[in-house]
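Step one of this worksheet: look at the structure below.
The values are calculated or read from the model by the stated rules, or taken from the named source; none is laboratory data. Note that the coordinates shown come from a computational prediction; the quantities given were computed from them, not determined experimentally. Note that we place each Cβ from the backbone using ideal geometry, even for glycine, and neighbour counts take in every protein chain shown. For the accessible areas, the whole protein counts, side chains as well, though only heavy atoms, and no ligand, DNA or RNA atoms are used. Shrake-Rupley method; radii C 1.70, N 1.55, O 1.52, S 1.80 Å.
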Amino acid sequence: MTTTEPGQESRNDTLAMQAASLDFGGGAGVFDLTLALPPGAILGLIGPSGCGKTTTIRLLNGIYGVTSGEVQVFDKNPQAFTDSDKARIGYIPQHSLLYPNLSAEENLHFLGGIYGMPSGERRARISDLLEFVELAEARKRLARQLSGGMQRRLMLAGALLHGPDLLFADEPTAGIDPILRARIWDNFRELRDQGKTLLVTTQYVGEAAYCDRVAVMRRGRLVTIDTPDGLRRQALGGEVIHIEVDSSRALEVMQFFEDLSQVKHTERKPGEPGGVLVFVEDAGQELPALLETLKEHKGITPLVAEPYLPSFDEVFVRLIQRSEATQ
C-alpha cells in the first residue's frame, strides 16, 4: 500500500490530520497530530491508557472539534458531516452499547431500525454479519449471556450493519483472551481486503503486526507513524543480527564487531550469556561477510547467527525511550 508521509497528505486519503490539536487545558488533550490513511488500509493507533487515542477518534468522527490545525474525513470537516456522510462511518466504542436483555439478533434489529433500514434488508444483513463474526449459533442468546469476546464481536457486527466505508474501533480487543483477539483481527483484515478502511486503537503493542500502518502515541502526541517494518527500523536504527557464542568470548566478539565499518554498534542480548546483537543497515546482506570475517580473524564459528526480529513490545519501548531522550 502507499505510505503517505506527514505533511504530504493526498486528496485520495480517507482521513487526514494536519497539525491537529484539541487542548483541554492543564496539559490534557492531543497536540500537533499529523497523519493520513488511504482507502483499504488499517491504521493501528497504539499507546498506553490516557495517551489520547479516544480523543483522536472523537476528532475524526466529529464528536469534538479542533482548537487548531485541520481534520479531514472523506475530504470534509467531520463536524460538517451530513447524515449521508455519517452513514459511511461505523464506530465501536470502548464500552458496550448492547441492550443486555435483548438477544444478539434483536440487538442488531434494533440498530438496523435506528439506521432506517427496511426489515427485509435488515434480516439479510444480520444473517450474513452473524456468520461473519461467528455468532450465528448464538443469535437467540441474550447479550448479557454472551462472553466479553462475543459481545465485542456483536458490536463489530452492529457497526457494520449499514455497510460503512470507514470503521473506527476503540480498543475492541481490550480485556479478552489472545485467541479471541486474533479472531477479531481476522475479521478486521478481511474487511480491509474487502476495501474497507479501519482505524483501530489498542494498548496491546503486539497488535501492530496486524496493521498496514502504525501510529505510536504518548502523552497526547504522535511519537511516530510508519509501517510495522518501518517501526522496527526506526527503533533499531536499521537491522540487527543475533550472534550466540561461548559466553567467555562474547565481549571479545562485541569489541571485534565494533571496529568494523559496516557495524553501527553492538549490545548484549538480555537473558543470553553468549548472545550479542549486532546493529547493521541490512542484516541479510551483512551476515555472510561478518561470519566469514569473524572466522578468519578470531577463529570463532557462532552457535547461532541469524537476523534478529524484535517483538513489538521491544520496539515500542525503544521508540518511547528515544522520544524521552530527545525532549
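The Cβ shell under 15 Å around Gln194 holds other residues with a net charge of -2, Lys and Arg each +1, Asp and Glu each -1. Solvent-accessible surface of the chain, averaged per residue with a 1.4 angstrom probe and all protein chains in place: 47 square angstrom.
At 222 nm, what value in deg cm²/dmol follows for the chain if DSSP H runs of at least 4 each add -39500 (n - 2.57) and the sum is divided by all its residues, to the nearest 500? Calculated from helices alone, the mean residue ellipticity at 222 nm is -10500 deg cm²/dmol.
All C-alpha pair distances within the chain, sorted into 20 Å bins from zero, spread as 28, 47, 22, 3 percent across the bins.
Within segment 176-327, what is the number of lysine pairs with alpha carbons under 30 Å apart, leaving out pairs fewer than eight places apart on the same chain?
4
Summary of the geometry: segment 263-322 and segment 180-219, compared by the centres of their Cα atoms, lie 29 Å apart. Which residues make up the longest stretch of the chain clear of trypsin sites (Lys or Arg not before Pro) that lie in a DSSP loop with no more than 10 other Cβ atoms within 10 Å, not counting the sites? Answer from the scan: 141-327. A straight Cα-to-Cα reach below 15 Å connects Lys86 with the aspartates and glutamates Asp75, Asp165, residues fewer than 8 places away in its own chain not being considered.
Taking each residue as 0.36 nm, the span from Ile179 to Lys76 lengthens on full extension beyond its C-alpha to C-alpha distance by 33.3 nm.
Suppose R0 equals 22 Å; then what is the FRET efficiency for Glu258 and Thr227 from their Cβ-Cβ distance, rounded to the nearest 0.05? The computed FRET efficiency comes out at 0.15. Qualifying chymotrypsin sites (Phe, Trp or Tyr not before Pro) in segment 168-212, where qualification requires a DSSP coil assignment and no more than 13 other C-beta atoms within 10 Å, are lacking entirely. Can you tell me the orientation of helix 119-132 relative to the chain, as the angle in degrees between its alpha-carbon axis and the longest Cα principal axis, to the nearest 10? Long axis of 119-132 versus the principal axis of the chain: about 20 degrees.
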